[in-house]
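What follows is calculated from the coordinates using simple rules that are stated; it is not laboratory data. As the structure is a prediction and not an experimental result, all values here were calculated from the model. Cβ placement follows ideal geometry from the backbone for every residue including glycine, while neighbour counts extend to all protein chains displayed.
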Amino acid sequence: MSKENQASLLDHPEITTLLFHPRKDPSDSFVPNTSELYTPVDEDIALNTRIYLTGGDRPHLLFFHGNGEIAGDYDDIGPIYNQFGLNFMVSDYRGYGKSKGKPDVSTMLRDSHAVFSHVRQWMRQEGRSGPLWIMGRSLGSAAALELASHYPADCQGLVIESGFAYTLDLLEHIGINTRPFQGITQVDRDQINRINTHKIAKYSGPTLIIHARLDDIIPVSHGKALYQHSPAEIKNIRIIEGADHNTIFLIAGQTYFSLIAGFIDQASATART
């Protein structure tokens, strides 16, 4: 079974209605030092990427958020990345924020390619020479791993926060019915379950894994599994003690951003030597 067909199995309504929680962005306010980039992905559908800018020669972090978030939620967080010397670019999924359409797994993965290509084109046009890194949080880890596995030469590094390693195990853990998969072979079921570990195994660039110790939505074992399957020579895993899935920012505070910025700077320095 192809990876495209594997992803389409996850588009079953029993799964998507619980996996995705889209909401619109009602705000029209302008945030200083930001840009909006709209990527056409289908007829009358364009996905919004909100870009928080600092120096053009500094690293650029393309970020895919969690299933209950929108790009606008990062209006207070994006400038903090800028303070740590990182350009921060948050992409919405279909139906989220200022983006039209209806989300599902297969289009989320397919659309990530279009967003990645458009962001790279925008960087070239704007003369932004800094390296491009990919980051995914929670659900967004699937999109980040999709891109890292397909474009290892164009992705300078990978950051996964609260990511998941085993798809079906996670769905069952959060109470999603996986009966739609009972009609497929055990081999295909195993392939679907391990799709993210297979993807990270294809990426050998610098990789940082961040996970909350007390995460009860995506257990810390998933973060450890992604780290173990990563073949990267430069890699690190940081477990945030005392935090869960939704308090990782609050508990880690400035440490969260210094971890990311420090790892990126270290990896960049190593690449130059």
Exercise. Out of the DSSP beta bridges found with both residues in the chain, what percent are antiparallel (nearest 5)?
Worked result: 30
Seminar exercise, completed: If amide H atoms are modeled at 1.01 Å from N in the peptide plane, then the residues at a separation of 5 or more from Ile240, or on another chain, having amide H under 5 Å from its own are His211, Ala212, Arg213
Problem set entry | J(HN,Hα) series, the stretch 9-17, from Karplus relation 6.51 cos²θ - 1.76 cosθ + 1.60, nearest Hz, glycine and proline x | 4, 6, 7, 4, x, 4, 8, 5, 5
Exercise. So how far, in whole Å, is the C-alpha centre of the stretch 98-152 from the one of the stretch 210-268?
Worked result: 20
Problem set entry | Among beta bridges that DSSP assigns inside the stretch 35-138, antiparallel share in %, nearest 5 | 50
Problem set entry | Within the chain, helix-based [θ] at 222 nm, where runs of 4 or more DSSP H residues each add -39,500 (n - 2.57), nearest 500 | -11500 deg cm²/dmol
Exercise. So which helices of the chain fit the span-like rule, where a helix is a whole DSSP H run, its Cα atoms reach 15 Å or more along the axis, and its mean Kyte-Doolittle is at least 0.5?
Worked result: 140-150
Exercise. What's the percent breakdown of Cα-Cα distances in the chain across 10 Å bins, shortest bin first?
Worked result: 7, 31, 39, 20, 3, 0
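What's the longest bit of the chain with no exposed GluC sites (Glu not before Pro), using DSSP loop states and at most 12 other Cβ atoms within 10 Å as the test? Numbers along the way, then the final one.
Working: sites that count: Glu43, Glu126, Glu233, Glu241.
Value returned for the longest uninterrupted segment is 127-232.
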